[in-house]
Amino acid sequence: MVLLRLGEGSGAGVLLRTGDQRAGAPPSTLRPMRISVSSDMDEPVARSLVAALRDRGHEVRPHGALRPGDDPQWAVCSEAAAREVADGTADQAVVCCWTGTGASIAANKVPGVRAALCTDAYTADGARRWNDANVLALSLRLTSEPLLKEILDAWFGAEPSADAEDRQNVDRVRLLDHGRTPR
């Protein structure tokens, strides 16, 4: 287990616990994944996101403005990325729009998806740890390149909790996907 102290910004000074890692290795280099990425705009942070994921050894599956000829509307491209997670074509997804809100709403309409809008590393860590989130939603407006790195480090460094209460909550959300929750 490694403690990660966040650098500058809103999460400065926060310590995050991450899973076992090789010394000096970025958190996501341990297990390369297939990651669907969508953005409704071809913004510098979206391009940085794709590059950062590839640098970490992940296979990137682009959608929307990141893929020539794709429909760039946030609802359409976020759904496409989320569906790949739900059907197992991708392990996780990152969906982006100007605020991140629309992308997260669209992704969360896909059964089996637990999208979390994360504006800092602490939220990203908690979303993976306590909510077993499988889709990261980002704001193109708020996310700087240094903040993007912190968020990705926290997201990929966290593992879903084995705590019984956390698992019960995630199981309840799975039931909500199918309208099967008791009142």
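The values are calculated or read from the model by the stated rules, or taken from the named source; none is laboratory data. Because the structure is predicted, anything quoted here is derived from the model rather than measured. Reconstructed Cβ throughout: ideal geometry from the backbone, glycine too, with neighbour counts over all protein chains shown.
So here's what we get for this one:
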| quantity | calculated |
| --- | --- |
| Subset of the stretch 146-183 (residues that are within 14 Å of Asp132 (Cβ to Cβ) and either assigned to a loop (DSSP other than H, G, I, E, B) or touching a strand residue (DSSP E or B) at 6+ places or on another chain (Cβ under 8 Å) (or both)) | Trp155, Ala158, Glu159, Pro160, Ser161, Ala162, Asp163 |
| Residue count for the stretch 50-89, restricted to those that are assigned to a loop (DSSP other than H, G, I, E, B) and more than 17 Å from Ala115 (Cα to Cα) | 12 |
| Where Glu150 falls short, out of the listed (1) out of contact with any helix residue (DSSP H, G or I) (no Cβ under 7 Å at 6 or more places or on another chain); (2) under 17 Å from Gly100 (Cβ atoms); (3) of a type outside the set (Phe, Trp, Tyr) | (1) |
| Count of the stretch 90-138 residues which are in a loop (DSSP other than H, G, I, E, B), out of contact with any Ser or Thr (no Cβ under 8 Å at 6 or more places or on another chain) and at negative phi | 9 |
| Residue match in the stretch 132-139 (condition: surrounded by 13 or more Cβ atoms within 10 Å (Cβ to Cβ) and among the acidic types (Asp, Glu)) | yes |
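Yes or no, residue by residue, for (1) buried (at least 16 other Cβ atoms within 10 Å of the Cβ); (2) touching a strand residue (DSSP E or B) at 6+ places or on another chain (Cβ under 8 Å); (3) at pLDDT 95 or above:
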residue	(1), (2), (3)
Arg5	no, yes, no
Arg17	no, yes, no
Ser38	yes, yes, yes
Pro44	no, no, yes
Leu49	yes, yes, yes
Val60	yes, yes, yes
Arg67	yes, no, yes
Ser78	yes, yes, yes
Ala81	yes, yes, yes
